[in-house]
Each structure stands twice: as structure tokens, then as C-alpha cells.
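The values are calculated or read from the model by the stated rules, or taken from the named source; none is laboratory data. Since this is a predicted model, take the numbers as computed values, not measurements. In this analysis, Cβ positions are derived from the backbone assuming ideal geometry, glycine residues included, and neighbour counts consider all displayed protein chains. For the accessible areas, the whole protein counts, side chains as well, though only heavy atoms, and no ligand, DNA or RNA atoms are used. Shrake-Rupley method; radii C 1.70, N 1.55, O 1.52, S 1.80 Å.
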Amino acid sequence: MMSAKWADLVKKQAPYLIPKYGPLSGMRILLTGSIVAAPFGAQLAADFGAEVIHVEIPGLGDSYRTQMPAITSEDGTKQMAAAFCQKRNELSLALNLNMKKSPESYDIFCGLIKQSDVWLENVVWLDKLGIDPKEMLRINPKLVIVHVSGFGRPQFGGNPEICDRPSYDPIGQCEGGLANMVGFPDGPPIYGQPFLSDYLTAVYAWGAMMAGYINVLKGGMGQEIDIAQVETQARNLDDHWACYMNLGIEKSRVGNRVPIFQPASMHKCKDGRYAFIGAFGKAAYDRCLRGLGLDPDLPEWDWEACGRSKEAVDSPRGQALYAYLEKWFSERTAQEAQDWLSQPQFKTPVGIVKAPKDMYADPHWHSRVDNFIKYKVPALDDKEVEAFGFVPKFMETPGEVWRGYPDVGYDTEKILGGLLDYSPEEIAAMRGKGVFD
């Protein structure tokens, strides 16, 4: 199919529709996806200046909008998922992605492809919609296409029937090996919240977009990049693979203790809170034991015998050290334990298990630059919400919020008319055809 409009379209440099800010200013991302994995990858880029156009289903939008609990507008007439209110800095374009039924949609989509640096998608069944990535690369040879799916696209290998399976976060955790590692040895596998598989996959997607984009900036060509949710989880297992493939060792659930060295364990404290202590290597071990009131130079507390290896941890002396740790923490509040062992002469890491309310109540978290930010959400009639801010933190080109997320298709006419050169008459002629309304 050919359309003179998109074929003759001249690329307009980003930022064209949003303010200029952040280290990614100048990059434009077209997002066709929903829920978490791909959209959160785009959100990380939008936080730092990328111009992100999120294509949503006309009249419905991203189904993530409807997840409970929801935040309601001041007059109670509108609501949006609290999780979705974390979304910001993006443009919403309503567009029917079924290109087989809407040639107008195909023309618009091709124009968007021509104007974009990256196309990030987790639609999965592109062929059923009449979207051919190879054709998109012919339209824009510099385009970076990042595919996100549960099991990967068959073009990159694998059993096509498995690649075609649907997936959600817990499915990726199970099939990718993460759930097998979470829990206690004598208990069932545990699903790790909050959507660990999706958010980790999003970080891989963000890295893939940046790597592909940098390659183009260095003179390379566009390309397709495939990210399978299950493979991101498998990659995160890291040394588990080397141990199994080379040593025949199958690592399994270990509960709240690191099995191969200590101190490295979770303990219940005097105030009922939990804290994790860690000290790897002889120097750290010796400092830690002195902080605990033990002499590491005595044979019964020797690092080799008590803490260096799995054999040492499992030995009678290793078990005696663990019992001492249990007692030591039970006699102190979590904060007392952390404060004591954090002193310079001991410098031992102790982490207190915290919930969002604990972190939010801590002045340290508020004193960090842009950890907590407020902005207005157009989809809630400009109600102000507070959300977590920017990670990482840039000294010279920090992240910003120029707008919360709007209603479905809020920016459609602005994108069609401003970026794709459709006239008001052409836009009006498409109304009522199921293209964007």
C-alpha cells in the first residue's frame, strides 16, 4: 500500500509536541502496547525527555487504566487506576490498529513510523493486524523496533506454538525460573510482587531501545530487537546457569538465608520488624563479628570455619554463629541493630524490611532530589497526584514532568495535524469510520 501523504512526509525533529528537557530530548518513541512491560520501558524514557506517543484503542485505551484501586477526580465523575496515574509525559493517540480493516489507520501508522526513532510494541500478534515489521523498516530504515512478548517472536527462533502463547507477569516468573527460586526449601514456589517480571522486562526494553538508538546515531541502520519476558527472568538467574551447566549444581529455594556464606540472613528483631545482615569476604566478616561482640581471631569464630562457604555455614560452628545472630537481633530493635553495625569501625550492611509508608516517613527519602513529585493529571480533570519521581538522577539534565497522562486520544488531532500534516478537513473526513473514534 502507498499513501502520498506518508511517503512524502519529512521527518520533524523531536521534541516537536512536548517541551525540551532531559538527556533523551530529540528521541521519539512510538508505543503500541498495554499493561506494564513495554509501557513502563517507554515511561522510563519519557521521564528523561523522549517524546513518547502511546497508541491506545479508541474508546477503551490501555486496559491498565481500569485496574483497581482507582483515584477519582474531585467531583467524582472520573477515575483512573492509581497505578496508571504514575504514567506521565506521554501523548495519547487513539488509533485502530487493525490495518486489514482500516486503510486510513495503515496510512496514519506508516506516517508515525516515518516520524519515529523507536517503535516499542507488545501487541504480539502483528500479522493478524496486518502490520509487517519488515515493511516498517523499508519505510524507515533507521527505525529501531523493540518487540516485547512473553515467549519471543518465532522470527528469532523457537517453537512457533510456544512463541504464540499469551503471558502475564506471574507466567513469566514461573516459566523463566524466578518463582522456582523464591520461597523456603520446604515450601511452595512464591510469586514475587510487585510484577517483578514485567518491570524487569521493561528495564531490558529500555536498555534495548537505548542501545539500538545509539547504534543508529553512530551511523548504523535500524533493526528489530526481540525481548522475551521468560528470557529476561532466565538471564537474571545469572550464576545459576554457570553452576548447572558446568558443575551440575541445581540451585534451589533457600528462604531468608544466603546458603554459601554468612553473615547473610534475615532476622526478627525485638520490635517485631525484620532486618537482613550481610558481610561477604574476610575483612567484612571480621568487622561484622567485632560489631556483634565476637572475636574473629578465636578459632570458634574463624571465617574459614564459620562463614566462607556452604560447608562452613552448614558446619556446627557455622550453625552456632547463626544461632548467635538470631539471639543478637532478637535483643535489639531493627533500628538499634542497624545504627550499631553502621558505625565506621564495623561498617556492616543491615537492611530493615520497609513498606512504602516507612520510606515515605523517612526524611532521608524526601531530601533526595525528586524522589517524590506532584503533578496534575488531565484524565482526572487536572487533579494533583503525588508519585515516585526519577531514577536515575542526572546532575545536568534531570528528569521532569510536563504533564500527567490524559484521556484516551487526547492528543490525536495534535499528532495528526502537527506531526503527520493532516488537514482539519482530512481529519474530519475520517471521523465515524472507526479510525480513531
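Observations
- Members of the range 169-199 found to be open to solvent by 80 Å² or more (accessible area, probe 1.4 Å), in a loop (DSSP other than H, G, I, E, B) and within 13 Å of GLN233 (Cβ to Cβ), listed by number: TYR191
- On the stretch given as the range 339-363, residues that are closer than 17 Å to ASP286 by Cα and open to solvent by 80 Å² or more (accessible area, probe 1.4 Å) total 5.
- For the range 127-169, filtering for residues that are without any contact (Cβ under 8 Å) to a residue 60 or more places away in the chain and closer than 21 Å to MET221 by Cα leaves 6.
- Candidate set: the range 237-247, residues that are free of Cβ contacts under 8 Å to residues at least 60 places away in the same chain and within 25 Å of the chain's Cα centre (by Cα); chosen: the one least open to solvent (accessible area, probe 1.4 Å): ASP239
- Of all residues in the range 248-260, those being open to solvent by 70 Å² or more (accessible area, probe 1.4 Å), in a loop (DSSP other than H, G, I, E, B) and under 18 Å from ALA305 (Cα atoms) number 1.
- Residue that is most open to solvent (accessible area, probe 1.4 Å) [pool: residues in the range 291-338 that are within 14 Å of ARG257 (Cβ to Cβ) and touching a residue at least 60 places away in the same chain (Cβ under 8 Å)]: TYR322
- Helices (runs of 4 or more DSSP H) wholly inside the range 44-158 that include at least 3 residues being at pLDDT below 95, on the phi < 0 side of the Ramachandran plot and open to solvent by 10 Å² or more (accessible area, probe 1.4 Å): 103-115, 126-129
- Hey, LYS282 closer than 27 Å to GLY187 by Cα and open to solvent by 50 Å² or more (accessible area, probe 1.4 Å) or not: no
- Residues (more than 14 Å from VAL377 (Cβ to Cβ) and among the aromatic types (Phe, Trp, Tyr)) located in the range 394-413: PHE394
- Per-region count, the range 16-42, residues in a loop (DSSP other than H, G, I, E, B) and open to solvent by 40 Å² or more (accessible area, probe 1.4 Å): 6
- Counting only residues that are surrounded by fewer than 17 Cβ atoms within 10 Å (Cβ to Cβ) and farther than 21 Å from CYS85 by Cβ, the range 388-437 holds 23 of them.
- Members of the range 280-304 found to be of a type outside the set (D, E, K, R) and part of a helix (DSSP H, G or I), listed by number: ALA283, ALA284, TYR285, CYS288, LEU289, GLY291, PRO299, TRP301, TRP303
- Among the residues of the range 210-229, the one identified as more than 19 Å from GLN155 (Cβ to Cβ) and surrounded by 20 or more Cβ atoms within 10 Å (Cβ to Cβ) is TYR213.
- Some residue of the range 261-269 being in a loop (DSSP other than H, G, I, E, B) and either out of contact with any helix residue (DSSP H, G or I) (no Cβ under 8 Å at 6 or more places or on another chain) or at pLDDT below 95 (or both): no
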